[in-house]
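Below is one structure, written out as structure tokens, with a few remarks after it.
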Amino acid sequence: MVNWIGLALVLVASTGPMAPQNDADTKELQSYRLTMGGMNKLSLAMRSIFTEMKKDPRVQEMTKLTADIKALEAKEDMTEADDERLEGMRQKKEQLEQAVGGGMNIGNEKTLSDMEAKVKQSDAVVRGLRAAGLSAREYSKLSVTLLTSTMYAGMKKSGLLKELPKEASAENVQFILDHEAELTAMQKEWASWDKDMR
């Protein structure tokens, strides 16, 4: 099964998909349909977002910090000064990740409008979405629908779920099952871009 949940950091969320908090959002998400056209747009957007983010001096600093952290962690005889330096580098990297994350760190929002507003906080994300012809609203709906439908598809395939809950779209769950090979290939590609930045 496609491990989209494991890709949440790359795609949309550090904490998982938003649970709709109002009827309008629930209806909007229930009527949204996953398509390969939409997935291809999402893949193009992700590529553009990563390209834009690599230009950010903060991302470049994070990449250097990551290498420095790994080198220091590999040191055999760590001194107290090394421990303090390592802790300082980790804190700096975490601060940079928070600052850069912007629209990539979604997941705690209560409504689609909140998620859309959060996505728009990152210039790199906005430019990437624009390059792919995706609005922040569609990106939000696509992300939530993709993650929830993948969760249900995994449960259905493993036999843990005999009947889909009423909020799930049987059509979207079947889309995930029917396109497992293509979605797995996309996941691997996205993960490689993410790895390049870490």
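Could you name the lysines in cross-link range of residue 141, using Cα to Cα under 27 Å and dropping any fewer than eight places away on the same chain?
The reachable lysines, counting only those whose Cα sits under 27 Å from residue 141, are 27, 41, 54, 110, 118, 120, 156, 157, 162, 166, 188, 195.
GluC sites (Glu not before Pro), restricted to the range 24-94: which are DSSP loop and have at most 14 other Cβ atoms within 10 Å?
76
How much length is gained on full extension from residue 193 to residue 69, taking 0.36 nm per residue of separation minus their Cα-Cα distance?
42.6 nm
Take the Cβ-Cβ distance between residue 178 and residue 47 as r, set R0 to 30 Å, and report the resulting FRET efficiency rounded to the nearest 0.05.
E between residue 178 and residue 47, to the nearest 0.05, is 0.80.
Which order do 162, 110, 75 fall in if you start with the one that has the fewest other Cβ atoms within 10 Å?
162, 75, 110
If you stretched the chain out fully between residue 22 and residue 85, how much longer would it get, using 0.36 nm times the residue separation minus the C-alpha to C-alpha distance?
18.0 nm
Hey, with R₀ at 35 Å, roughly what FRET efficiency would residue 164 and residue 130 work out to, going by the Cβ-Cβ distance, to 0.05?
FRET efficiency, residue 164 to residue 130: 0.50.
Every number in this text was worked out from the coordinates using simple rules, so none of it is lab data. These figures come from a predicted structure and were not determined experimentally. As a convention, Cβ positions derive from the backbone with ideal geometry for all residues, glycine included, and neighbour counts pool all protein chains shown.
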